[in-house]
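Encoded as C-alpha cells, the structure appears first; notes follow it.
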Amino acid sequence: MEITAVPFSRRPPPAVGRSGSISEGARAFEFFALMKPRVMLLAVFTAFVGLKIAPGYLGPLVGAIAILAIAAGAGAAGVLNMWYEADIDRIMSRTARRPIPRGTVSRVEALVFGLVLAGSAITVLALAVNIEVAGLLASAIFFYVFIYTIWLKRRTPQNIVIGGASGALPPVIGWAAATGGVGLEPIILFLIIFLWTPPHFWALALNRSDDYSRAGIPMLPVVAGAAATTRQILVYSVLLIPVSLLPWALGFAGLIYGATALILGAILVAFALRLRRGNEPDRQTAHRLFAFSIFYLFALFAALLADNTGNRWSPPLSAHADRIATCAQAAEFLPRLVMTMTRSDSFLAWEA
C-alpha cells in the first residue's frame with residue numbers, strides 16, 4: 001500500500017491568524033495529528049479484515065460503528081502516547097515537530113482529549129456491539145499506554161517485543177465483534193502482527209539509534225548494537241514465514257493468500273539477510289526493510305481479505321483453478337511493485 005503523506009517533521013507550520021493564534025482548521029489538524037493517523041490506519045485496516053473474514057455477521061451500520069470506535073481507540077492510544085512522551089519527543093529529531101513539542105497543543109489538552117476519546121470509543125463499542133469486545137479495545141489501549149509507553153519503553157530493549165501485543169489486537173477485536181468470541185483464526189492473525197512488529201520497529205531504530213540514545217530510550221540498537229539487532233531482525237523475519245502461512249495451511253485462506261504470504265515473506269527475509277551480512281549498518285537497506293514491512297502487512301491482510309469470503313474453511317484445492325492463475329500473476333507482479341514502493345520516499349512519512 002502506498003501512503004502519500006507529508007512527514008510531520010517536514011510539514012509547514014500551522015496557519016496563524018492576525019491575532020497570532022492558530023486558525024481553527026489548523027488547530028483541529030493538530031489534534032488529529034496527535035492520533036498518529038498513519039499508525040491508526042494500519043490498525044483499523046487489520047481490524048476491518050478480521051471483522052470481514054469472520055464467519056459471524058455484523059450489520060453494515062453496526063459494523064461501521066465498530067470500525068469507527070476501533071479507529072478512535074487506536075487514535076486515543078496515540079494521543080496518550082504523545083502526551084506521556086512529550087519530554088523525549090522534544091529531544092528526538094524525528095518527533096520534535098509533533099504538536100506538543102511545537103507548542104500548538106498543550107500536554108493537558110492532549111491528556112483530556114486522549115481520555116475522552118478512549119472513553120467514548122470503549123463506550124460506543126460496548127453499546128453497539130457488546131461489553132466483551134469493548135473490553136478487548138480497552139485492553140489494547142491500556143497495554144499500549146501503560147505497559148508499553150509508561151512501563152517498558154524506557155526500561156528494557158525488549159520494549160517493542162512485549163509492547164507489540166497491543167498493536168496485534170485489532171484483528172482479534174474485529175473478529176470478536178463479528179462472532180462474539182475469539183477462536184484459533186484471530187489468534188493466528190495476532191501472532192502474525194506480533195512477530196512482524198520487532199523487525200518493523202528495529203529497522204527504523206537502526207537509522208534512529210542516535211535519536212534514541214540522546215533521549216535515553218534503550219532500543220535494541222542502542223543497548224546491544226547493530227549486529228545483535230540485525231540478527232534479531234533476521235530471526236523474527238524467518239519465524240514470520242511459517243506463521244504467516246498458517247491461515248492457508250489451516251484452510252481459512254486460499255491459494256491467493258498462500259502465494260502472497262510466501263512471496264512477501266521471502267522478500268522480507270531477503271532484506272533481513274542483506275542487512276545482516278553488511279559489515280556496517282546499511283542505512284538504505286534498513287530504510288527499505290522498514291518501508292517494505294509496512295507494505296508487507298497491508299498486502300498480507302489485503303490478500304487475506306481478497307481470498308476469504310467469510311467461511312471458516314476454504315473449499316477443496318481442486319476448486320481453486322481460477323485462483324491458481326491469479327496467484328501466478330501475483331508472483332510476477334508483486335516483486336516489481338515491491339521494488340517500486342521501497343524506493344519511494346513516501347514511506348519516510350510513516351509515524352511509528
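The values are calculated or read from the model by the stated rules, or taken from the named source; none is laboratory data. Note that the structure is a prediction, hence the values are computed from the model and not measured. So basically every Cβ, Gly included, is an ideal-geometry build from the backbone, and we count neighbours across all protein chains shown.
Quick grid of which residues meet (1) modelled with pLDDT of 95 or more; (2) closer than 25 Å to F113 by Cα; (3) not assigned by TED's automatic domain parsing to the domain that holds G251:
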| residue | (1), (2), (3) |
| --- | --- |
| K52 | no, no, yes |
| G63 | no, yes, yes |
| A76 | yes, yes, yes |
| I91 | no, yes, yes |
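For every residue, the table says whether it meets (1) at pLDDT 95 or above; (2) surrounded by fewer than 22 Cβ atoms within 10 Å (Cβ to Cβ); (3) out of contact with any Cys (no Cβ under 9 Å at 6 or more places or on another chain); (4) over 26 Å from G216 (Cβ atoms).
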{"residue": "A69", "(1), (2), (3), (4)": "yes, no, yes, yes"}
{"residue": "L80", "(1), (2), (3), (4)": "yes, no, yes, no"}
{"residue": "Y84", "(1), (2), (3), (4)": "yes, yes, yes, no"}
{"residue": "R94", "(1), (2), (3), (4)": "no, yes, yes, no"}
{"residue": "R97", "(1), (2), (3), (4)": "no, yes, yes, no"}
{"residue": "L111", "(1), (2), (3), (4)": "yes, yes, yes, no"}
{"residue": "L117", "(1), (2), (3), (4)": "yes, no, yes, yes"}
{"residue": "I122", "(1), (2), (3), (4)": "yes, no, yes, yes"}
{"residue": "A126", "(1), (2), (3), (4)": "yes, yes, yes, yes"}
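Can you name the condition, by its number, that F190 falls short on among (1) of a type outside the set (D, E, K, R); (2) at pLDDT below 95; (3) in the same structural domain as A253 (by TED's automatic domain parsing)?
Only one criterion is unmet by F190, namely (2).
Considering only residues that are more than 14 Å from the chain's Cα centre (by Cα) and among the hydroxyl-bearing types (S, T, Y), which ones fall in the stretch 35-76?
Y57
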